[in-house]
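Working notes, structure below.
The values are calculated or read from the model by the stated rules, or taken from the named source; none is laboratory data. Note that the coordinates shown come from a computational prediction; the quantities given were computed from them, not determined experimentally. Here the Cβ is made from the backbone with ideal geometry for all residues, glycine too, and neighbour counts use every protein chain on show. Surface accessibility is based on the protein's heavy atoms, side chains included, excluding ligands, DNA and RNA. Shrake-Rupley method; radii C 1.70, N 1.55, O 1.52, S 1.80 Å.
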Amino acid sequence: MKDINTIIKTAKETILIESNAIANLANLIDDNFDKAVRFILNANGRVIVTGIGKSANIATKIVATLNSTGTPAIFMHAADAIHGDLGNVQDEDVVICISKSGNTPEIKVLVPLIKNYGNKIVAITGNISSYLGENADFTLNAFVEKEACPNNLAPTTSTTAQLVLGDALAVCLQELRGFTSKDFAKYHPGGALGKRLYLRVSDLLKDNQVPRVNKEDSIATVILEISAKRLGVTAVVENDIVVGIITDGDIRRMLSKTTDITTLVAKDIMGANPKTIKEDAMAIDALNTMENNSITQILVTNDSDKYLGVVHLHDLIKEGIF
């Protein structure tokens, strides 16, 4: 049984081997990469990404990244391709073929078939002198000195290198397409990521009550309003315009100074110039404002500065944004 120090040592060595190999990839980027990116950008078809073994697993991730950043792509397993799936490749499609050795039997069968169809091939291979490297139209060098596997056999460092080159392709294409966060939101409507990109402050107000008092309202009225609306806060308004805010904390601080509240009114304990946000602002902006100001609620107004309600930190947590 390995002791904890041996396990930690092996883990660190694995990470360092892979990180060093990835850093070296930057030295292997050449004009072929630029040409491949520009060809894909100007192609009228899709990107077909293919591979076999662990490279096929990497291919599926690259397909997902391309699709989510504005480049239509589909996965085609190299073995299945030569048994019927080659029909997925249309006239204007570009094929990205991934193989560490570049010399597997399936690749040697597949490459000439693709070229006979007239489609261009982008190779991602650890051996640019291989069959794939020499027969592709654009060859991207994914060379790694060794696998992280102690036997130098299991695809580890090599598949990481393939994945990184795929990410580099996708990001370059994303930038050249001018793919914005709004475009990204269209492809990621679900989950916390999507909500960060499309959920607005107005969406958070729908189920919230609207606590409000006037400047001359009694402290008893203020306490009842905060308690009734259950948001830990109330806005102080004048003609529907926010002039202050009173929180649970303000009430506690007041009571620590005096127990005679009969002569006090809202304006005596309110915080002036409270933080506000417009209803059409993004929900993530509300979260950032709260975090930057160490507050848990923010008052919401419309374009005319009319008070609309309160967004609480709990609203953001409930939506999975926090």
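A Förster radius of 25 Å combined with the Cβ-Cβ distance from N293 to Q209 puts the calculated FRET efficiency at roughly 0.65. Measuring r between the beta carbons of L113 and T10 and using R0 = 56 Å, the FRET efficiency lands at 0.85. Taking all protein chains as present, what is the carbon and sulfur share of the accessible area of the chain, in % to the nearest whole number, probe 1.4 Å? Taking all protein chains in place, the chain shows 51 percent carbon and sulfur surface. Across the chain, the convex hull enclosing all Cα atoms gives 212 Å³ per residue.
The label-point distance for T259 and E92, in a model that sets each label 7 Å from Cα toward Cβ, rounds to 8.2 nm. When you restrict to C-alpha pairs under 8 Å that are six or more residues apart and normalise by the size of the chain, the relative contact order lands at 14 percent. Would you compute the Debye intensity of segment 272-322 from its alpha-carbon atoms alone, equal scatterers and no solvent, and pass along log10 I(q)/I(0) at q = 0.15, 0.26 Å⁻¹ to two decimals? For segment 272-322, the Cα-only Debye profile gives -0.35, -1.03. For segment 60-137, the relative contact order works out to 26 percent when only alpha carbon pairs closer than 8 Å and six or more residues apart are counted.
Hey, what angle do you get for helix 105-116 against the long axis of the chain, alpha-carbon based, 0 to 90 degrees rounded to 10? Between the helix axis and the principal axis of the chain, the angle is about 90 degrees. The residues of the chain expose, per residue, 52 Å² of accessible area to a 1.4 Å probe. Peptide packing: for 57-67, 278-288, the average count of neighbouring Cβ atoms within 10 Å per residue gives the ranking 57-67, 278-288, highest mean first. Calculate, for D285 and N67, the FRET efficiency according to 1/(1 + (r/R0)^6) with r their C-beta to C-beta distance and R0 35 Å; round to the nearest 0.05. Plugging the Cβ-Cβ distance into 1/(1 + (r/R0)^6) gives 0.80.
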